[in-house]
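Taking it in order: structure first as structure tokens, then the write-up.
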Amino acid sequence: MNTPAITELPVVVIGAGPVGLAAAAHLIDRGIEPLILEAGATAGAAVRDWAHVRLFSTWGEVVDPAAEKLLAPTGWTRPDPDTYPSGGDWAERYLQPLADVLGERVRLDARVTGVSRAGRDRIVDADRDQQPFTVHITHADGHEERVLARAVIDASGTWTTPSPAGASGLPALGEKAAADRITYRVPDLKNPAVRARYAGRRTAVIGSGASAFTALAHLAHLATSDDGAGTKTVWVLRRGISGSTFGGGSADQLPARGALGLAAKAAVDEGHADAVTGFRTEAIERDPDGRLVLVGEDGHRLDAVDEVIVLTGLRPDLGFLDELRLGLDERLQAPTELAPLIDPNQHSCGTVYPHGHRELSHPETEVYLVGMKSYGRAPTFLAMTGYEQVRSVAAALAGDLEAADRVELTLPETGVCGGAGLFDDPTPVKADTGGCCATPEPALVQLGADAPAAAVALDEAPAGGSCGS
């Protein structure tokens with residue numbers, strides 16, 4: 001059988017989420033044929049998992065220009081650009097119509113299980129760059145196939161691989177055994193069955209990012225509801241609390257992101273949540289009543305809780321890329337040129353200047369990790385960052401390096417930067433001054449009742465990250 005010329009092969013895009021579908025749109029705009037492989041049963045499968053969470057980016061910020069161009073002939077109209085979609089809105093009103101336009105280019109229930117150079121494992125140098133990629137796929141019915149590709153764009157994200165509660169990056173002792181009382185997602189408290197699980201009960205929320213803010217705000221709202229009397233939250237942070245813990249507030253150029261932080265702060269200020277700082281989870285034990293007890297690395301034990309919500313971040317699944325020669329930062333698992341720009345050990349703002357194919361390149365040519373996966377374990381990502389990434393990558397694959405190197409995006413700032421070195425700092429610091437008040441053990445923090453409340457009502461508040469978290 002004759003092998004097609006590499007230039008005649010499609011570019012395989014892994015993942016039919018927001019950035020993967022945008023990559024396909026940009027490739028088509030460049031005259032390059034994409035093949036999108038999605039492990040889920042629908043386009044935007046991961047987004048649909050958090051359909052109940054509202055984004056803190058507006059419709060105007062989460063629709064890709066090339067995708068909109070592709071949708072225009074169908075009569076599709078972008079929703080009001082100044083309004084905030086939920087994850088469900090985003091999936092149904094944008095991602096699904098875009099997947100429908102792409103048609104048979106999108107293959108569902110097609111999980112990528114391996115990527116390599118055809119006839120070359122990662123050891124072999126000879127003629128490596130002249131070989132197409134071979135992409136191995138396992139379908140939902142169990143049958144396998146392989147397809148050849150001229151390039152690979154991995155936009156599979158990090159949603160399926162949440163980080164554990166254990167501060168070491170490994171599951172805490174007893175964490176797996178306690179799985180019946182632990183979730184790694186923001187619970188949908190509008191679902192009666194889920195609501196009953198948390199109403200009137202004591203829940204620990206572990207984490208300090210946008211997802212943790214969302215959970216705190218939702219649980220606080222439940223506590224004020226008729227069926228939520230007695231609902232209490234314990235917010236567990238590995239770091240201390242500083243002036244920037246809750247984000248940029250009113251100074252954030254994404255107002256809804258600032259409002260989300262203020263909603264979380266209000267949950268603590270109003271007594272619905274107690275914040276425990278400097279606590280690094282080592283073990284999760286059961287008490288005689290079956291409730292869970294979090295045990296710190298220093299042996300400190302928190303009072304028992306009924307449920308635990310672990311929102312300590314996400315991490316990339318790199319297993320199926322093991323035969324490729326990737327250049328990844330040893331800490332973040334992000335491309336080596338990108339990692340210094342997003343390292344939370346150095347940057348507390350969560351904002352990075354727009355970047356493209358050069359920062360995303362690897363020793364293995366014409367393979368790119370894009371979207372949330374490109375950030376590795378870094379905690380903050382915006383959809384419009386991913387759209388700029390794939391615009392640049394598509395231009396580079398088309399040979400238009402001038403366009404690929406051009407910056408066509410201005411990103412908003414958070415409004416507050418705490419300076420370098422604050423990530424996961426266990427030392428509690430005062431929320432009002434930012435000064436140090438070191439203590440030798442975890443501290444219970446009360447922030448004060450005079451703090452500003454959330455800027456918008458919870459059921460209207462854009463509460464989620466713009467690309468899932």
| task | Keeping all protein chains in position, work out how much accessible area D125 exposes to a 1.4 Å probe, and write it in Å² to the nearest 10. | result | 110 Å²
| query | Between H362 and residues 5 or more places away or on another chain, which pairs have amide H atoms under 5 Å apart, with H built 1.01 Å from N, and which residues are they? | reply | V367
| said: For the stretch 263-319, what does the accessible surface come to per residue with a 1.4 Å probe? Please give it in Å². | reply: 37 Å²
| task | Can you send over the solvent-accessible area of T7, 1.4 Å probe, protein chains only, in Å² to the nearest 10? | result | 110 Å²
| task | Please give the solvent-accessible surface of R406 in Å², to the nearest 10, using a probe radius of 1.4 Å with every protein chain present. | result | 110 Å²
| message | To make sure I understand the rule: partners must be lysines, Cα under 30 Å from the Cα of K69, and not fewer than 8 residues away in the same chain. Which ones qualify? | response | K373
| said: List the residues, sorted by chain then number, that are 5 or more residues from I36 or on another chain and whose placed amide H is less than 5 Å from its amide H. | reply: V13, V106, R107
| What ³J(HN,Hα) values, in whole Hz, does the Karplus curve 6.51 cos²θ - 1.76 cosθ + 1.60 give for the stretch 399-409 when θ = phi - 60°, with x put for Gly and Pro? | x, 9, 5, 4, 5, 5, 8, 7, 8, 10, 8
| query | Hey, what's the stretch 168-226 come to in accessible area per residue, 1.4 Å probe, Å²? | reply | 44 Å²
| said: Per residue, how much accessible surface does the stretch 1-55 expose to a 1.4 Å probe? Answer in Å², no decimals. | reply: 37 Å²
| remark: HN-Hα couplings for the stretch 324-336 via Karplus (6.51, -1.76, 1.60; θ = phi - 60°), in whole Hz with x for Gly/Pro, come out as 9, 8, 8, x, 10, 5, 5, 9, 8, 6, 10, x, 4
| Estimated vicinal HN-Hα couplings, Hz - the stretch 44-59 in sequence order (Karplus 6.51, -1.76, 1.60; Gly, Pro = x) | x, 4, 5, 4, 5, 5, 10, 4, 7, 8, 8, 6, 9, 10, 7, 4
| query | What order do T203, T77, T183 take when sorted by accessible area (1.4 Å probe), most exposed first? | reply | T77, T183, T203
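The values are calculated or read from the model by the stated rules, or taken from the named source; none is laboratory data. It should be emphasised that the depicted structure is a prediction, and the values quoted were computed from it without experimental measurement. Calculation scope for accessible area: heavy atoms of the full protein, side chains included, ligands and nucleic acids excluded. Shrake-Rupley method; radii C 1.70, N 1.55, O 1.52, S 1.80 Å.
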